[in-house]
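The values are calculated or read from the model by the stated rules, or taken from the named source; none is laboratory data. Keep in mind it's a predicted model, so treat the numbers as computed, not measured. All Cβ positions, glycine included, derive from the backbone under ideal geometry; neighbour counts span all protein chains shown.
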Amino acid sequence: HDHLLGIEPLAPADIATLLDLADQYAALNRREVKHTDALTGLTQINMFFENSTRTQASFELAGKRLGADVMNMAMQASSIKKGETLIDTATTLNAMHPDLLVVRHPQSGAVDLLAQKVNCAVLNAGDGRHEHPTQALLDALTIRRAKGRLHRLSVAICGDIAHSRVARSNIILLGKMENRIRLIGPPTLMPARIDEFGVEVFDDMEEGLKGVDVVMMLRLQRERMDGGFIPSEREYYHRFGLDAEKLVHAAPDAIVMHPGPMNRGVEIDGELADDVARSVIREQVEMGVAVRMAAMDLLARRLRVRRAEQSDKGV
Ligand code: CP
């Protein structure tokens, strides 16, 4: 694979290879000296057209720990503000010979389009409500480390599924690894063609959480609700917010996840989110750096092979 645009094109073996390498980087990240030279001499540009804390910071740290020259484009201060298009911006930066482009964009499909216009490896850091592949991979690594496996688990994904690229990438990944997926949320926040996903759908937390091994909460994504249904926070928390009382219905050793940023008291109880006996939210953030290191390392290896082939052919 030349890019990481989504989970869709990955085979289970690709996912396992990436997670195995990420496990090694997770061990490295716990050491005092965290540097390697996997990306030495390569240039990484991060372009975030939408706000981010975790993804932006972890891609930057991942690149630096792998020895790349990392540049963060301040998109708010860029010539996009003067009317330059996404593609013109991308081809302009491409002329500076980057090797890796990390892109987050509010429109679904924008990162795929951009990948067709540049000759470096592109990583999707989240595009609209389409995919957020590195999030699903870091969630998978967190689950595998907590549960000892990534197959035949029962996973509940709860809340605003309709607007969530995190849910979409996770449904695809967890489905490929043969897990049972339950979606829980108000019918108004479920995607239109939900039957295509091969999942079970619930609008009641008690029923949906019964016996599950993993409870994955999602943020209410008001920025993508464009005037449609916006539930009242109190009512939403009462019915769909995760607290200790609702968690009783899951398996006794079920783990609690949230991709962040989280709204305490809206989709999750603050105390439960901080309870390290149940919540792996901090581990998810930690694994984010390791997974992004693995993804960029593997893409850089591919890039080097491709360039060697081209140089042999005299291209
Ligand atoms: N989970 C996630 O993508 O968080 P950020 O929006 O802060 O990057």
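A few notes on this one:
- Hits in region 62-99 - residues which are hydrophobic (A, V, I, L, M, F, W, C) and either modelled with pLDDT under 85 or under 30 Å from residue 27 (Cβ atoms) (or both): 62, 66, 68, 70, 71, 74, 75, 77, 80
Condition check ((1) surrounded by fewer than 22 Cβ atoms within 10 Å (Cβ to Cβ); (2) away from the ligand (no atom under 16 Å from the Cβ); (3) free of Cβ contacts under 8 Å to residues at least 40 places away in the same chain) across all residues:
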{"position": "117", "(1), (2), (3)": "yes, yes, yes"}
{"position": "124", "(1), (2), (3)": "no, no, no"}
{"position": "144", "(1), (2), (3)": "yes, yes, no"}
{"position": "147", "(1), (2), (3)": "yes, yes, no"}
{"position": "152", "(1), (2), (3)": "yes, yes, yes"}
{"position": "158", "(1), (2), (3)": "no, no, no"}
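- The set of residues from region 190-236 being touching a His at 6+ places or on another chain (Cβ under 9 Å), among the acidic types (Asp, Glu) and under 16 Å from residue 266 (Cα atoms) comprises just one member, 223.
- Residue list for region 248-301, filter: touching a helix residue (DSSP H, G or I) at 6+ places or on another chain (Cβ under 7 Å), without any contact (Cβ under 8 Å) to a residue 60 or more places away in the chain and part of a helix (DSSP H, G or I): 272, 273, 281
- Among the residues of region 75-90, just one is over 17 Å from residue 114 (Cα atoms) and within 16 Å of the ligand (Cβ to nearest atom), namely 76.
- Complete set of residues in region 1-40 that are assigned to a loop (DSSP other than H, G, I, E, B), over 18 Å from the mean Cα position of the chain (by Cα) and without any contact (Cβ under 8 Å) to a residue 12 or more places away in the chain: 30, 31, 32, 33
- Every residue from region 91-115 that is more than 16 Å from the ligand (Cβ to nearest atom) and of a type in the set (Val, Ile, Thr): 91, 92
- Search result, residues across region 30-58 that are more than 12 Å from the ligand (Cβ to nearest atom) and either among the β-branched types (Val, Ile, Thr) or surrounded by fewer than 17 Cβ atoms within 10 Å (Cβ to Cβ) (or both): 30, 31, 32, 33, 34, 35, 36, 37, 40, 41, 43, 45
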